[in-house]
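A.B. asks: Supplied in structure tokens, the structure appears directly below.
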Amino acid sequence: MYSFARKTLPQRQLTILRTLTLTVRPQDVTSDTPLDVSNLHLRSPGLPSVLWNEDVQLEEVRPLLTDDAWIQLQQAVAVAVNEQMWLCESCLSDLAADASVECSACLQWYHFGCVGYSGKGKGHWFCAVCLQHSN
């Protein structure tokens with residue numbers, strides 16, 4: 001299991017696309033078949049927490065989006081950053097409400113209680129979805 005920072009560019013792109021795609025399989029998105037606005041998951045309130053991690057360079061997915069989709073994504077991220085509203089990937093409630101932990105692989109955030117995390121571990125923590133994909 002690799003942390004996000006150790007992933008290759010295509011792996012990082014796929015990780016980000018998994019949080020954004022609606023009706024298209026993320027692995028089917030290419031520069032020849034980019035995502036358009038209708039395929040973006042820009043839920044409100046709060047975008048996927050992966051987008052606010054300092055290791056994520058959103059520009060890495062730019063070649064995989066249409067021009068309109070890129071503009072919509074940038075606008076949605078700007079609004080979300082301004083609102084400071086990020087959701088637990090499990091319960092979709094505000095992360096500010098309780099202690100939370102970030103998956104080292106997919107960069108999604110979860111409330112401790114939603115994933116049974118005690119907060120005592122050090123180093124990397126991986127969510128159940130990423131653990132399942134590693135097998």
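A.B. asks: Over region 9-83, with a single point scatterer placed on each C-alpha, what log10 of the ratio I(q)/I(0) does the Debye formula yield at q = 0.27 1/Å?
C.D. replies: -1.52
A.B. asks: Also, quick follow-up: Cα axis of helix 67-83 to longest principal axis of the chain: angle in degrees, 0 to 90, nearest 10?
C.D. replies: Tilt of helix 67-83: around 30 degrees.
A.B. asks: If you line up the long axis of helix 9-20 against the longest principal axis of the chain, both from Cα atoms, how many degrees apart are they, to the nearest 10?
C.D. replies: Roughly 80 degrees, rounded to the nearest 10.
A.B. asks: Can you give me the Rg/Rh ratio for the chain, using Cα atoms for both radii and the Kirkwood formula for Rh?
C.D. replies: Working: Rg = 14.8 Å, Rh = 15.4 Å.
Rg/Rh for the chain comes to 0.96.
Every number in this text was worked out from the coordinates using simple rules, so none of it is lab data. Fair warning: this is a prediction, and the values are worked out from it, not measured in the lab.
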